[in-house]
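What follows is a short report on a single structure.
No lab work stands behind these numbers, since they all come straight from the coordinates. Small disclaimer: the values here were computed from a predicted structure and weren't measured. Counting neighbours? That spans all protein chains shown, and the Cβs are built from the backbone with ideal geometry, glycine included.
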Amino acid sequence: MPDSTRAVARQTWRNGIAASDTDQVVVEVPVAFVYNGISHAVMMSTPADLEDLALGFSLSESILSSKEQLLGLDIIHREQGMELAMEITAEPFAALKQRRRALDGRTGCGLCGVEALQQLSLHTQPVGNRLQLSQQAPQDALAALAEMQDLKAATGGVHGAAWCDAAGTILLLREDVGRHNALDKMLGAVAREELDRDGFALVTSRASYEMVVKAGTCGVEFLAAVSAPTDLAISRAGAAGMTLAGFLQPGRMAVYSGAQRLME
């Protein structure tokens, strides 16, 4: 697996004085998603936790409905990047061929491959309604987040997505140059490790429509973001019955839908 960071030379200026040193920057490579020999998507990603990315993307994009439909995965090094060669069962593969589309991804791209407005679905899958947690739980998770983001500490150039239990303890965290990729990696890890779904997702980015749909497709009842939500994210979270919180910062949080899951 390629390294996730690389040392580069740089020149810095402070108070008008130049100096030369090295910096650690995050690695970004093309990653191709291939199902039963057919290429479906190419996304720019950090080459770490690619097994989680393959499963999480497949689930959050509704290509697969369960991890059992993923029969095998080979991570292949190509001259141009990485290939996630997946073998999936017949039923989802038949459905995938019907909706096959060419995806040409970029960092942070969430609607790549939608070639016409008619292809864009605004449907959001309803989530469950069994989660209850205190308003302190997201604060506790936020407080623990920074020290767990090793790649961000090294480079300053990645997003993180954490899965937290109802008490606010971070159970796992994944990082990537793309916020959608970080979320997919986390969702894939949760599915692969069969973690308790009575918890919530915390992301270090804004909460966009795509983030809500990906989380909702995987049954996430509560999505908390450190930045702002969009209007479509709020409406889709409401339609799915999801709790959506934004501007999660020390001592404050704004809840835009599903406030009934939070207790004083």
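Each of the peptides 248-254, 88-94, 41-47 was scored by the mean count of other Cβ atoms within 10 Å over its residues; in descending order, highest first, they stand as 41-47, 88-94, 248-254. The alpha carbons of the chain occupy a box of 57, 51, 35 Å along the principal axes, longest dimension given first. Each of Ala146, Gly160, Gln249 was scored by the projection of its Cα onto the charge dipole of segment 133-263, and the greatest displacement toward the positive side belongs to Gln249; charges sit on the C-beta of Lys, Arg, Asp and Glu.
In a fully extended conformation the segment linking Leu232 and Ala259 would gain 8.0 nm over its present Cα-Cα distance, using 0.36 nm per residue. Highest average first, the peptides 145-152, 180-187, 76-83 ordered by how many other beta carbon atoms sit within 10 Å of their residues are 180-187, 145-152, 76-83.
Once C-alpha pairs closer than 8 Å and six or more residues apart are averaged by separation and normalised to the residue number of the chain, the relative contact order reads 18 percent.
Between amide H atoms placed 1.01 Å from N, distances below 5 Å from Ser45 occur with Val29, Val31, all of them 5 or more places distant or on a separate chain.
Over the residues of the chain, the helix contribution to mean residue ellipticity at 222 nm works out to -8000 deg cm²/dmol, using -39500 (n - 2.57) for each DSSP H run of at least 4.
Dipole check for segment 29-108: with +1 at the C-beta of Lys and Arg, -1 at the C-beta of Asp and Glu, and the Cα centre as origin, the magnitude is about 400 Debye. Amide H contacts for Ser257 (H built 1.01 Å from N in the peptide plane; partners 5 or more residues away or on another chain; cut-off under 5 Å): Leu244. Sorting the segments 198-211, 226-239, 161-174, 129-142 by their residues' average number of neighbouring beta-carbon atoms within 10 angstrom, most packed first, yields 198-211, 161-174, 226-239, 129-142.
Assuming R0 = 22 Å, what is the FRET efficiency of Glu193 and Ile76, from their Cβ-Cβ distance, to the nearest 0.05? Given R0 = 22 Å and the Cβ-Cβ separation, E is 0.35.
Any aspartates and glutamates with Cα under 17 Å of the Lys97 Cα? List them, leaving off those in the same chain fewer than 8 positions away. Counting by Cα, and skipping residues close in sequence, Lys97 has these aspartates and glutamates nearby: Glu61, Glu87, Glu115. If only the Cβ of Lys and Arg carry +1 and only the Cβ of Asp and Glu carry -1, the dipole of segment 133-263 around its Cα centre is close to 360 debye. For segment 133-263, a/c is less than 1.5, where a ≥ b ≥ c are the root eigenvalues of the C-alpha gyration tensor. That puts it in the rounded class.
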